[in-house]
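The structure appears right after this line, and notes come after that.
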Amino acid sequence: MPKLTFCGHSCALVESSACNVIIDPFLTGNPTASHQPEDIPPLAAVLLTHGHGDHVGDGIHLAKRNRATVVATYELATYCESEGCEAISMNVGGAADLSFGRVKLVQAWHSSSFQVGDRFIYMGMPTGILYSVEGKTLYHLGDTGLFSDLELIGKWNGPIDVALIPIGDHYTMGIDEAVEASRLVGAKTVVPIHYNTFPPIECDPTEFADKVAKAGGKAVVLKPGESMEY
Ligand code: NI
Ligand code: MN
């Protein structure tokens, strides 16, 4: 069984018998981070949903230190390569069976750029990431608003064992839309992410969990540093 550890904000560490993979490792400068980069176990891959600093975070550093492979959209992966990383570039709708598991990028309604000084470098489309290992599928929605094709993604790629859903509002959907997103995706368990890191995204994750339960689903609130097997 893979083990998911929520490291704060949108960062998810997935440990399986074969290898470890991290998604959106924003640790340095993240006031809610449970781990610092040196606390992260050896990694086979760094999966990035989009180019914003609160998602790329320590990804380039961790990838180089572990000789781990970055997987992201073409623009973001190529940027990471230019910074000295090994990278595999993909794009929305595509899946690949890789040595550390199966990765599929799907759409997310957001933006994606990397800020260098006062300039923004275009980083391609923002994405959600489906990551399958040991016969289990995790769906990290990235940063997104609510959209009805979440149902299609859930149906087409299911069964989804665990979905990580942003709930913090302001930059992504808020609680009530995230409850609807949970219903559309149809994952066995949903875990809220992207909240309480900064004042604009403060909210109560137990309100989300209660509303998901009321709608017939199952949500697990992980505090930063907490884990669950799935
Ligand atoms: Ni973002
Ligand atoms: Mn974000």
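The values are calculated or read from the model by the stated rules, or taken from the named source; none is laboratory data. The structure displayed is predicted, hence computed values, not measured ones. A quick note on method: Cβ atoms are made from the backbone with ideal geometry, for glycine too, and the neighbour counts reach across all protein chains shown.
Among the conditions (1) within 16 Å of ligand 2 (Cβ to nearest atom); (2) without any contact (Cβ under 8 Å) to a residue 60 or more places away in the chain; (3) within 14 Å of the chain's Cα centre (by Cα); (4) under 19 Å from Val56 (Cβ atoms), the only one that Ile167 does not satisfy is (4). Suppose the filter is under 20 Å from Lys214 (Cβ atoms), in contact with a strand residue (DSSP E or B) (Cβ under 9 Å, 6 or more places away or on another chain) and in contact (Cβ under 8 Å) with a residue 40 or more places away in the chain; does Lys188 pass it? For Lys188, the condition - under 20 Å from Lys214 (Cβ atoms), in contact with a strand residue (DSSP E or B) (Cβ under 9 Å, 6 or more places away or on another chain) and in contact (Cβ under 8 Å) with a residue 40 or more places away in the chain - is met.
Give the residues of region 181-213 that are among the acidic types (Asp, Glu) and under 10 Å from Ile165 (Cβ atoms), sorted by residue number. Result: no residue meets the conditions.
For beta carbons closer than 9 Å, sequence separation of 6+ or different chains, a first residue in region 1-24 that is more than 18 Å from Ile160 (Cα to Cα) and within 16 Å of ligand 2 (Cβ to nearest atom) and a second that is part of a strand (DSSP E or B) and among the polar types (S, T, N, Q), the qualifying pairs are Cys11/Thr5.
The listed residues are Arg102, Arg67, and the only one of them that is within 21 Å of Leu4 (Cα to Cα), of a type in the set (D, E, K, R), more than 16 Å from ligand 2 (Cβ to nearest atom) and at pLDDT 95 or above turns out to be Arg102.
Out of region 15-33, which residues are surrounded by fewer than 20 Cβ atoms within 10 Å (Cβ to Cβ) and not β-branched (Val, Ile, Thr)? The answer is Glu15, Ser16, Ser17, Ala18, Cys19, Gly29, Pro31. The criterion of at least 2 residues that are within 16 Å of ligand 1 (Cβ to nearest atom) and not polar (S, T, N, Q) is met by the following helices (runs of 4 or more DSSP H) wholly inside region 1-111: 53-56, 74-82. Mind checking whether some residue in region 194-208 is among the aliphatic types (A, V, I, L, M) and closer than 17 Å to Leu4 by Cβ? For region 194-208, residues among the aliphatic types (A, V, I, L, M) and closer than 17 Å to Leu4 by Cβ: absent.
Scanning region 122-137 for residues that are part of a strand (DSSP E or B), within 23 Å of Glu83 (Cα to Cα) and touching an Asp or Glu at 6+ places or on another chain (Cβ under 8 Å) yields one hit, Tyr122. Looking only at residues in region 112-130 that are polar (S, T, N, Q) and surrounded by fewer than 19 Cβ atoms within 10 Å (Cβ to Cβ), which one is farthest from ligand 1 (Cβ to nearest atom)? So, considering only residues that are polar (S, T, N, Q) and surrounded by fewer than 19 Cβ atoms within 10 Å (Cβ to Cβ), the one farthest from ligand 1 (Cβ to nearest atom) is Gln115. Inside region 69-95, residues that are surrounded by fewer than 21 Cβ atoms within 10 Å (Cβ to Cβ) and among the aromatic types (Phe, Trp, Tyr) make up a count of 1.
Output the residues belonging to region 147-164 that are more than 16 Å from ligand 2 (Cβ to nearest atom) and either under 22 Å from Ile22 (Cα atoms) or touching a helix residue (DSSP H, G or I) at 6+ places or on another chain (Cβ under 6 Å) (or both). Result: Leu150, Glu151, Ile153, Gly154, Asn157, Gly158, Pro159, Ile160, Asp161, Val162, Ala163. For region 134-152, a residue qualifies if it is among the hydrophobic types (A, V, I, L, M, F, W, C) and either free of Cβ contacts under 8 Å to residues at least 40 places away in the same chain or more than 16 Å from ligand 1 (Cβ to nearest atom) (or both), and the qualifying residues are Leu138, Leu146, Leu150, Leu152.
Taking the criterion of being surrounded by fewer than 24 Cβ atoms within 10 Å (Cβ to Cβ), in contact with a His (Cβ under 7 Å, 6 or more places away or on another chain) and within 19 Å of Ala33 (Cα to Cα), would at least one residue in region 45-65 satisfy it? Looking for residues that are surrounded by fewer than 24 Cβ atoms within 10 Å (Cβ to Cβ), in contact with a His (Cβ under 7 Å, 6 or more places away or on another chain) and within 19 Å of Ala33 (Cα to Cα), one finds at least one in region 45-65, hence yes.
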